[in-house]
């Protein structure tokens, strides 16, 4: 079953040290990460969190599963808001 954008954003937030995306978005340190020119992303295929990615990344390369399936946290936010 595919994960929703919010579930993927939660996985990125957890990898970065927060309990969920909401907590990350409310924290000034989390906001700096989200608003940075290079942000973390997640592979839609293997769920690996990788960085750095440009904020508009939607099909970046995942070195772990050899697929163009990485999406940035910024791109995920657009589906959440």
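Key figures for this structure:
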read-out	value
Whole-number D in µm² s⁻¹ for the chain, Kirkwood Cα-pair radius fed into Stokes-Einstein, 25 °C, 0.890 mPa s	202 µm²/s
Rough spin-label spacing in nm, given labels placed 7 Å along Cα→Cβ, for residue 6 and residue 37	3.3 nm
Zone residues, the stretch 1-42, relative to residue 48, backbone N less than 13 Å from point 7 Å out along Cα-to-Cβ	41-42
Most fluctuating residue given options 28, 40, 55, as computed from a GNM of the chain linking Cα atoms under 10 Å	28
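Values quoted throughout were computed directly from the atomic coordinates according to the rules given, and no laboratory measurement underlies them. Only a predicted model underlies this, so the values are computations on that prediction, with no experimental measurement involved. In this analysis, Cβ positions are derived from the backbone assuming ideal geometry, glycine residues included, and neighbour counts consider all displayed protein chains.
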